[in-house]
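Trainee: The structure that follows is given in the form of structure tokens.
The values are calculated or read from the model by the stated rules, or taken from the named source; none is laboratory data. Quick caveat, the model's predicted, so the values are computed rather than measured. To get the accessible areas, we keep the full protein, side chains included, count just its heavy atoms, and leave off ligands, DNA and RNA. Shrake-Rupley method; radii C 1.70, N 1.55, O 1.52, S 1.80 Å.
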Amino acid sequence: MTRSYNFYAGPSTLPLEVLEEAQAEFCDYQNSGMSIMESSHRGKDYDAIHEEAIANYKELMGIPEGYSVLFLQGGASTQFAMIPMNLLGQDQTADYVNTGAWASKAVKEAKLFGNINVIADTEKSAPATIPAIDSLEYTSGAEYLHVTSNETISGAQWKEFPKCDAPLIADMSSDILSRGVNVADFGMIYAGAQKNLGPSGCTLVIIRDDLIEKVVRTNPTMFQYKTHASKNSLYNTPPSFSIYIMCLITRWIKEMGKENLFEQNVRKANKLYNVIDATDFYTGCADKSCRSDMNVTFNLPTTELETKFFENSIKLNMWGLKGHRSVGGLRASIYNAFPEEGVDKLVEFMKDFEKRS
Ligand code: PMP
């Protein structure tokens, strides 16, 4: 099999070793005579996976005591609503920073539940930027501050996070576990699994216990953090197969060493930014101060050239380089499992394409 270079923004590349391991035990999980997919979520085989995945996230992310790790469903998009539903009363205020398409979706949902103060707005800025931390003016008494750590579409990424009195909540869907963060600085971190953590179908939520306990209105049972935290994410049937793959990926990270992974991520991104910076032919879409190590976005001099670039890249078995339909241009999503040799191949192609154009 020739493995494609998958630059899609998510779902995206998973480690081949993990796929092969899952394949090897797909029909018969550890001599149980059944697939883990068929296994009861209350049985010992699945339970061991569930517990190991939680323990591995705690270890890999340095999650301190006083936080819960939850496996939820409905994607990160459901968290856009679930956060204010649980943490923001109708007459209360939450601060949001609008850095782009994903942050603005979070703002839109939150407005259904309480007062939203957008304390900085760089959604429309070109190049894409993240506001300077010392320019932020927080609302006194705000229930929380919400940020999007990495804007998957524009390719702008927070390099440091704001420090404020209110709990900081971050949508880390597109850069979770790609770099070191101090979890204790956050009230809550959440991420759809389908980029850095595993397949789609599960949302990882890391939430501080005092926020779990907060009750600002009566929500349906499934929309309360407390429901899931009190039952260790087993109140109802969890997305067990997704969590199984997520668990294998945590093992894969532990084996390679998280520091090695984090270094590799920076190295991969820099290889692409070096090509972009070396010439006027390519223009990065995000400001240098905040360009993403996960989603490298760039333009060519004309849309015709961009189309040609994209079409030629497919012929070389590189998939998904077209920018998001809302912004155009090109985007290379190079999450944790994207192989460095694929970045080298793209670098070579970019240099060659420029020469031939
Ligand atoms: N936030 C960010 C930063 C994203 O990139 C995405 C998906 N691309 C989402 C939220 C929405 O995630 P989901 O599809 O899991 O709802």
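Trainee: Rank these residues by their accessible area, most exposed first, probe 1.4 Å: Trp252, Trp319. Before the final figure, lay out each step's value.
Mentor: Working: Trp252 40, Trp319 90 Å².
So, going from the largest accessible area down, we get Trp319, Trp252.
Trainee: Would you please report the Å³ per residue occupied by the convex hull of the alpha carbon atoms in the chain? Can you show the working numbers first?
Mentor: Details: hull volume 46.7 nm³, N = 357.
Dividing the Cα hull volume of the chain by its residue count gives 131 Å³.
Trainee: Accessible area per residue, 1.4 Å probe, Å², for region 258-356: what's the number?
Mentor: On the way: 4670 Å² over 99 residues.
For region 258-356, the solvent-accessible area averages 47 Å² per residue.
Trainee: Now, a different point. Accessible area of Ser333, 1.4 Å probe, to the nearest 10 Å²?
Mentor: 0
Trainee: Still on this model: Just reorder Arg325, Arg42 by solvent-accessible area, largest first, 1.4 Å probe, all chains present. Please list the in-between numbers first.
Mentor: Working: Arg325 210, Arg42 145 Å².
These residues rank, largest area first, as Arg325, Arg42.
Trainee: Take every Cα pair under 8 Å in the chain that's 6+ residues apart, average their separations, divide by the length, and report that relative contact order as a whole percent.
Mentor: Details: 658 pairs, mean separation 81.1, N = 357.
Worked out over the chain, it gives 23 percent.
Trainee: For region 258-356, what relative contact order do you get, as a whole percent, if you take Cα pairs closer than 8 Å and at least 6 residues apart?
Mentor: Relative contact order, region 258-356: 30 percent.
Trainee: Restricting to region 16-255, compute how many DSSP beta bridges are antiparallel as a %, nearest 5. List each step's numbers first, then the result.
Mentor: Details: 13 of 28 bridges.
For region 16-255, the DSSP antiparallel bridge percentage is about 45.
Trainee: Give me the 1.4 Å probe accessible area per residue for region 16-255, excluding ligands and nucleic acids, in Å². Provide the component values of the computation, followed by the final result.
Mentor: Working: 10020 Å² over 240 residues.
Accessible area per residue, region 16-255: 42 Å².
Trainee: Using helices alone, I'd like the mean residue ellipticity at 222 nm for the chain: each DSSP H run of four-plus residues gives -39500 (n - 2.57), total over residue count, nearest 500. Spell out each step's value before the answer.
Mentor: Values: 10 runs with 128 residues, N = 357.
Computed ellipticity for the chain at 222 nm equals -11500 deg cm²/dmol.
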